[in-house]
Structure formats: structure tokens, C-alpha cells
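Right, one structure below, let's go through it.
The values are calculated or read from the model by the stated rules, or taken from the named source; none is laboratory data. Quick caveat, the model's predicted, so the values are computed rather than measured. Positions of Cβ are generated from backbone atoms using ideal geometry, with glycine treated the same way; all protein chains shown enter the neighbour counts. Areas reflect the complete protein model, heavy atoms only, side chains present, ligands, DNA and RNA absent. Shrake-Rupley method; radii C 1.70, N 1.55, O 1.52, S 1.80 Å.
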Amino acid sequence: MKAGVIVFPGSNCDRDLAVAFERAGAQVQMIWHKETELPTDLDIVGVPGGFSFGDYLRCGAIAAQSPITRSLIKHTERGGYAIGICNGFQVLTETGILPGALMRNANLKFICKPVGLKVETTDCDFLSGYEQGQEITVPVAHHDGNYNVTDEKLAQLRDEGRIAFTYSDNPNGSTGDIAGVISKNRRVLGMMPHPERCVDALHGGTDGVAMFRSLVDSVVAA
């Protein structure tokens, strides 16, 4: 599997995401945000966490206007895989690739700690390595992780099985305890917690390993 990780000014989890892909067996290349086209042979594009453009205006808003983002939108429209983590999730909502908006945490504080997540669906290649209802522990580190959607959109996400993870103990006020969602074609995942930070036991946990391995296995087997 060939993966590309987009790098914006202020990204700080791009290397972590690249390492997680590599550990799962993917070939990875880093892509600067001023590039106008993604490599044509990529299977998946990773939009990493961090503070792109210093979180000015609105988290992810400036990054969503970067030249490479137009190619990212085309990639997802063609059915390509993409994952956005933390700030990357914010970018995916700002571009309209995923629904909803990420707002300031309900307690108005930056949150940085491991949190419990419940796997809500395994019907996508990112999550097929887990069991539905499985509880995993993944770290969060965000100030604007309060996921908001309308009641109508929340009902739609539930009906279509597009909620990927929910928080066991909601840390930020997210609608429906949502920690991550997937696209309608089930090939784009956005989530606030950081699975790329739990792929090595020496770093405190390995609950993110199944996500990267199941994706690579699915792509390779296709």
C-alpha cells in the first residue's frame, strides 16, 4: 500500500502518522501543502494532527484552502482512502469531505490524556480489525474537539452506520459522544483521538495498531 502524509506549516504529528503507516507495511511519502497534485499512485492520504497555520481564523480553515487540498478532495471523490486525525479531522470537515464542525471544547480547556473509545462499527476497512462494541484506549490532545452536527445529520449518521467511535466518557461535549465518523462510501475516516500515538507498547499502548494493519491488509487484498 502506498500512503501519502500531507504536511502543513504547524503540523506536528506528520512523522507519527508516517511511522504508523510504515509499521503496518505501507510505503510512505511526505507531501508539502503547496504541491498542487497528489501522486497518482497513492492508496491513502493522511491528514495529520497539529496546529496547521497556528489555528488562525478557525482550526483547519486555512489548511482547507491550501493548493494540495483540491487534489485531496478529488482523491476522495474518486474513491481513494483518506484519514484525518485531530487537526486533520478539522481540515476534512472544513473542506466538506466529512460532515459537521469541530468547535471549542465545552470546558474551554485544552485536553491531553488517554480516553476510552467504543468501536461503533466494523463495516469499513479502517475498523475491520476490531470487534463492534470493543473498548479501546487512545490519547487525545485538542482544544477544539467538540464535534457538532444538527439533530438531522446525527440521525443520518446513526442510520447509515457512519459513527466510527464514541467516547466512553465524553471529554469535550461532542454531539452524541462522537469521537470519529466515516464518509458515505466508508473510505474516509475523521477522528479527534490519535491512533498513530498508540502503535508502540513503549509509548503506552497499541490499540491503534489494528486500524493501520486492517487498512493495509484490505488494500493489499483488493
Ranked by how many other beta carbons lie within 10 Å on average, peptides 181-190, 102-111 from highest = 181-190, 102-111
Separation in nanometres of the label points that stand 7 Å from Cα toward Cβ, at Asp217 and Ile73 = 3.6 nm
With every protein chain left in place, what is the accessible area of Lys118 in Å² (1.4 Å probe, nearest 10)?
-> 80 Å²
From phi via Karplus (6.51, -1.76, 1.60), per-residue ³J(HN,Hα) for segment 160-175 in Hz, x at Gly/Pro | 8, x, 9, 8, 7, 9, 10, 6, 5, 9, 3, x, 9, x, 4, 4
So what's the back-of-envelope 222 nm ellipticity for the chain, counting only DSSP H runs of four-plus at -39500 (n - 2.57) apiece and dividing by all residues, rounded to 500?
-> -7000 deg cm²/dmol
Here segment 49-66 yields Karplus 3J(HN,Hα) values (6.51, -1.76, 1.60; θ = phi - 60°; whole Hz; Gly and Pro given as x) of x, x, 9, 3, 6, x, 6, 5, 6, 6, 3, x, 5, 6, 4, 5, 9, 5
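If Lys and Arg each add +1 and Asp and Glu each add -1, what is the summed charge of the other residues whose beta carbon sits under 11 Å from the beta carbon of Ala64?
Charge balance in the 11 Å sphere: +1.
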For segment 1-142, would you read off the P(r) tail past 26 Å as a percentage of all alpha carbon pairs?
-> 23 percent
Extension gain Glu160-Asn148, at 0.36 nm per residue separation less the Cα-Cα distance, in nm?
-> 2.6 nm
Under a Cβ-Cβ cut-off of 10 Å, what is the net charge of the residues other than Gly133 that fall near it, where Lys and Arg count +1 and Asp and Glu count -1?
-> -2
Probe 1.4 Å, all chains present, heavy atoms only: Val149 accessible area in Å², nearest 10, is 20 Å²
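Could you report the chain's accessible area per residue, 1.4 Å probe, as an integer in Å²?
Working: 9760 Å² over 222 residues.
With all protein chains present, the chain gives 44 Å² per residue.
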Could you list which residues have their amide H under 5 Å from that of Gly84, counting only those 5 or more apart in sequence or on another chain, with H placed in the peptide plane?
-> Val47, Leu189, Gly190, Met191
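Once R0 is set to 22 Å, what does the formula 1/(1 + (r/R0)^6) return for the Cβ-Cβ distance between Arg15 and Phe110, expressed as a FRET efficiency to the nearest 0.05?
On the way: r = 21 Å, r/R0 = 0.97.
Calculated transfer efficiency: 0.55.
Tell me the carbon and sulfur percent of the accessible area for the chain, rounded to whole percent, probe radius 1.4 Å. All intermediate terms of the calculation are to be shown ahead of the outcome.
Details: 4580 of 9760 Å².
Carbon and sulfur together cover 47 percent of it.
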Sorted peptide list for 206-216, 158-168, criterion being average Cβ within 10 angstrom, highest first | 206-216, 158-168
